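Please read the structure below before turning to the comments.
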Amino acid sequence: MENILEIKNLNVYYGVIHAIKDVSFTVRQGEIVTLIGANGAGKTTTLQTITGLIPPRSGEIIYHGKSINKIPGHKLVSQGMAHVPEGRRVFADLTVYQNLMLGAYTRTDKAGIDDDLEMVYTRFPRLKERVNQPAGTLSGGEQQMLAMGRALMSKPRMMLMDEPSMGLSPIYVNEIFDIIRKINEDGVTILLVEQNANKALNIANRAYVLETGRIVLEGDAKQLLTDPQVKAAYLSE
Amino acid sequence: MASFLTYLISGISLGAVYAIIALGYTMVYGIAKMLNFAHGDVIMIGAYVAFLIFSTLGLNPILAVIVSMLACTVLGITIERIAYKPLRGASSLSVLITAIGVSYFLQNSALLIFGADSKTFTSLVSFPPIKLMGGSVVISSVTIVTILASVIIMIALTTFINKTRTGQAMLAVSADKGAATLMGIDVNRTIAITFAIGSALAAIAGILLCSAYPALSSTTGAMPGIKAFTAAVFGGIGSIPGAMIGGLVMGIIENLSKAYISSQLADAIVFGVLIVVLLVKPTGLMGKKIQEKV
């Protein structure tokens with residue numbers, strides 16, 4: 001399958017701290033790829049670098065065969081890349097509806113936006129019930145759904161998801177992972193960053209393990225589930 | 001009673017000017033998280049441009065308003081681009097000092113271009129005053145236009161923010177620049193638009209202010225600028241209704257103090273009220289901990 005995203009020898013610094021060290025990986029069309037690793041391993045930094053929130057020191061980010069290193073973050077949305085950020089970052093004072101419409105900010109096809117709004121409401125019935133409520137009044141799980149729905153409103157070909165299960169109750173965690181799988185089945189390629197390695201490996205096709213800014217292990221997700229190294233470090237629940 | 005009404009109405013009118021200026025402060029603060037202390041001087045430039053078109057060249061007053069708004073819009077965007085944009089991410093103290101620098105730059109440029117002598121601004125509004133209560137209350141045409149203008153601006157701005165894509169983008173940028181970028185919003189462009197709107201409003205404020213108080217010099221915008229900034233803080237900085245209410249309250253207190261207490265003490269009273277309000281409610285009248293900012 002075709003590579004939708006290709007990261008080559010990426011290096012990112014925070015001041016003098018070398019946060020991402022020579023990281024390379026690929027995501028193919030239609031896959032769920034997960035980056036797992038402990039807190040501070042550089043998972044979020046990697047995603048933020050891809051979507052242009054942090055500039056890389058060196059290396060290349062290739063999306064659909066083109067380097068996007070120099071493309072400002074806001075222009076990636078209209079190229080089909082959506083990022084569901086860590087901590088959800090919904091616009092707390094704005095209503096659920098306003099949040100969703102901001103997700104469609106780059107689009108002008110009114111009919112398509114309406115269709116996708118219906119699609120989001122079908123996928124997340126709870127959002128429809130709370131459509132006029134300020135996003136800040138939603139529960140953590142609902143806010144995560146809103147953040148995902150908001151990203152879907154841009155009609156993405158690829159979604160980067162940063163810790164979607166963080167801070168959620170076990171019921172919500174299962175629901176969120178089900179939704180991620182369904183989004184993927186509908187044709188959206190997914191790059192998933194997770195601390196919940198067990199869940200992530202269960203829905204992913206392939207996985208990369210990050211340790212202090214470096215990729216230390218990669219392979220088929222189901223195989224990594226049984227890998228003794230991974231088991232010892234990340235699956236001890 | 002009649003004199004009280006007269007003072008009250010002119011207080012509302014003065015407050016409406018403060019409110020229009022305060023909107024510029026509060027919008028820029030909400031979006032760019034900076035205090036644009038040069039905002040008051042944009043008012044002065046706006047008034048000079050209108051003076052040139054209307055009094056010096058003798059052209060149409062409406063044209064004077066439009067050209068003045070355009071000039072201030074360009075000025076506002078230019079200031080943001082040259083002075084503030086390179087400091088994005090710098091400490092707020094650096095930005096504040098830069099803003100004060102821009103303020104002095106504008107004042108001294110005006111001094112150089114227009115000279116040190118104060119100009120007598122001819123009011124752009126020239127229909128006859130309205131007399132109420134058998135002529136004991138006289139409302140000048142400038143007063144009426146000022147109040148009307150502020151109401152129209154308030155409605156237009158609220159509609160713009162709530163109903164347009166750009167307005168929603170402004171709310172998003174004000175809440176979370178990173179998340180706004182992830183929505184595909186060009187944060188820099190949104191900030192520039194905010195400066196453009198604030199500066200166009202400053203032009204209107206400058207014209208209305210000088211139509212009511214006709215002495216125009218390079219420091220004309222300084223004091224109203226500070227008072228409008230106070231009004232914005234008073235109302236809760238970042239809040240649009242707060243700026244409007246803050247401006248009105250400031251104008252009314254100032255005018256009534258001048259009339260009934262002491263014209264020398266009026267400013268002290270106004271700022272005294274601000275201090276009391278901030279002691280009781282540090283976020284200002286309409287300010288919440290998580291407020292709707294723009």
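What follows draws every value from the coordinates through simple rules; no lab data is involved. In this text the structure is predicted, and so the values were computed from the model without any measurement. Note that each Cβ is placed from the backbone with ideal geometry, even for glycine, and that neighbours are counted across all protein chains shown.
Given a 10 angstrom Cα cut-off, can you work out which residue in A:N69, A:N11, A:N132 is the most mobile in a GNM of chain A?
In the Gaussian network model the winner is A:N132.
Residue by residue through B:173-181, how many Cβ atoms from other chains fall within 10 Å of the Cβ on average? Show your work: numbers first, answer last.
On the way: counts 0, 2, 9, 5, 1, 7, 12, 6, 11.
Mean partner shielding for this stretch: 6.
Just subtract the alpha-carbon distance of B:K33 and B:Y104 from 0.36 nm times their residue separation and send over the number in nm, one decimal.
Working: separation 71, 0.36 × 71 = 25.56 nm, distance 2.12 nm.
Extra length available between B:K33 and B:Y104 comes to 23.4 nm.
Please report the relative contact order for chain A, taking Cα pairs under 8 Å with a sequence separation of at least 6, and give it as a percent rounded to a whole number.
27
Among B:G238, B:A228, B:V270, flag the residue with its Cα farthest along the positive direction of the charge dipole of chain B, charges on Cβ as +1 for Lys/Arg and -1 for Asp/Glu.
Toward the positive end, the furthest listed residue is B:G238.
Which of B:V249, B:V173, B:V273 moves most in a GNM of chain B, Cα contacts under 10 Å?
Of B:V249, B:V173, B:V273, the Gaussian network model singles out B:V273 as fluctuating most.
Can you tell me the dipole magnitude for the protein assembly as shown around its Cα centre, using point charges on the Cβ only (Lys, Arg +1; Asp, Glu -1), in Debye to the nearest 20?
Its charge dipole is roughly 520 debye.
From Cα pairs below 8 angstrom and at least 6 apart in sequence, can you work out the relative contact order of chain B, rounded to a whole percent?
Averaging sequence separation for qualifying contacts and normalising by length gives 37 percent for chain B.
How many angstrom lie between the C-alpha centres of the stretch A:53-112 and the stretch A:196-237?
27
Assuming R0 = 56 Å, what is the FRET efficiency of A:A232 and B:A215, from their Cβ-Cβ distance, to the nearest 0.05?
Once the sixth-power term is evaluated, E becomes 0.10.
To the nearest 0.05, what FRET efficiency results for B:V151 and B:F127 with a Förster distance of 25 Å applied to their C-beta separation? Please report the intermediate quantities before stating the final value.
Working: r = 18 Å, r/R0 = 0.72.
Calculated transfer efficiency: 0.90.
Considering the options B:V142, B:I100, B:G206, tell which one lies farthest towards the positive end of the dipole of chain B, charges being +1 on Lys and Arg and -1 on Asp and Glu at the Cβ, about the Cα centre.
B:I100
Label-point separation (nm) for B:L111 and A:N11, each offset 7 Å from Cα along Cα-to-Cβ?
5.2
What whole-number volume per residue, in cubic angstrom, does the convex hull of the C-alpha atoms of the stretch B:2-280 give?
137
Which one, A:N99, A:G149, A:G187, is farthest towards the positive end of the dipole of the stretch A:94-196 when Lys and Arg carry +1 and Asp and Glu -1 on their Cβ?
A:N99
With all pairs of different alpha carbon atoms counted, what Kirkwood hydrodynamic radius in Å does the protein assembly as shown show? Show your work: numbers first, answer last.
Values: mean 1/r = 0.0389 Å⁻¹.
It is 25.7 Å.
List the residue ranges in chain B for DSSP H helices whose C-alpha atoms run 24 angstrom or more along the long axis and whose Kyte-Doolittle average is -0.5 or above.
Correct list, ordered by number: B:2-32, B:61-79, B:92-114, B:141-163, B:187-212, B:240-260.
Can you tell me the dipole magnitude for chain B around its Cα centre, using point charges on the Cβ only (Lys, Arg +1; Asp, Glu -1), in Debye to the nearest 20?
Computed charge dipole of chain B: roughly 560 debye.
How much length is gained on full extension from A:V216 to A:K66, taking 0.36 nm per residue of separation minus their Cα-Cα distance?
51.3 nm
Using a basic spin-label model with each label point 7 Å from the Cα along Cα→Cβ, how many nm lie between B:L265 and B:M223?
1.8
Anyone know which of A:A92, A:A197, A:A41 comes out most mobile in the 10 Å Cα GNM of chain A?
Judging by the Gaussian network model, the answer is A:A92.
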